[in-house]
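Below: one structure, written as structure tokens.
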Amino acid sequence: MKVSPTKSKTVHQIHWLQLTVLFIGGGIIYIIPYLRSIYYTPFQHALGVDNTQLGVIQSVFGLSSILCYFPGGWLADRFSARKLLTLSYIATGLAGWWLSGFPSYEVTLFLYAAFGVTTTLTFWAALIKATRQTGGEKAQGRAFGFLESGRRIVSTLLSLGSVVIFARYAVESAGLGAVIKGFSICYFVIAVITWFILTDAHPAGETIGPMDLKKMAMILKIKTIWFISAIVFLSYTIYRFADFLTPYLTNMGGVSPSMGAVLGTLKQYGLGPFGALGAGFLADRISASKALVYLLMACFLCNLLYVLIPVNPHVVLFIVINMVVFMTAVFAMRGIYFALLEEWTRGTSPWP
């Protein structure tokens, strides 16, 4: 956010209230687009679609998101994060309210394409930019660590709360519609809070011109950009590998479906706050670069153990412990890899 030139010490402090607003918004905005991960069968029945059609719906969202990442960065440089984030919440809430009526398959495809725009084009780069500004020069690790940790906590609490609402309805579609409307209202509320709590970040006199292809080409020649992009890509690829841990335990390790669900919840939500928060403090102490090296080594060793040790019911406890270590390291990486941007800006990055 905007730093007062008369109080230089503020660049070392985290704006906790603004960071709290950011991780609350970041924790709820993706819940509706990824609703099938919680309510797969009820969502499928309410829309009247088969597995293939539901897969196409989610693919449309993914494709729309991919196309929006590149222009999203330019948009975040041109407009303040406060305006972009507020717009994102309102637009996502409106689309969610429309989805709560379970429209036709074609309309649902349109809505999920729109979710890709509202959660990526106008949101993601703005969220990263605003988080970086809240952390100042010396607290980037903690800022991004708290962001990822807070997002996980908010997602967990709201997801559990939605189950309570869903269970109160005898008809699945009615319960799911109420859940979607409830999340949509949350989007409208956080939009208002964001508008009044966050501040416009462009310094006085700063001007941002139209998109300059020559400048973009210059940016693509910077080696550090490619290093950071590769780390983010690899970290997210490792994170997606975790999707297979639950069926691995149930199908290969003899774990019951109910216990698999418990472990899946622990894997997806329970470990995130601890990993991201701890990594944030570690990154500020030894640098994000060094912390990421250690975390990548931990992930590599955990994956190697999955390959070397044959799974069976007798080693399930070890597999679960390995999963806990692995997922904690994964969420730790997700919590701090954007802190590399500040290292590069200050010239302290170990990369050229």
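Bear in mind that the values in this text are calculations on the coordinates, not laboratory data. Since the model is a prediction, treat every value here as computed from it, not as a measurement. Cβ: placed from backbone, ideal geometry, glycine included. Neighbour counts: every protein chain shown.
Ranked highest first by average number of other Cβ atoms within 10 Å, how do 52-61, 18-27 line up?
Details: 52-61: 15.7, 18-27: 22.7.
The packing order, highest mean first, is 18-27, 52-61.
Rounded to the nearest 20 Debye, what is the dipole magnitude of segment 71-195 about its Cα centre when Lys and Arg each give +1 and Asp and Glu each give -1 at the C-beta? Walk me through the numbers before you get to the answer.
Details: 11 positive and 5 negative charges, 91 e Å.
Roughly 440 debye for segment 71-195.
Using 0.36 nm per residue of separation minus the Cα-Cα distance, give me the extension gain between Val164 and Ser59 in nm, one decimal.
On the way: separation 105, 0.36 × 105 = 37.80 nm, distance 2.89 nm.
34.9 nm is the gain from fully extending Val164 to Ser59.
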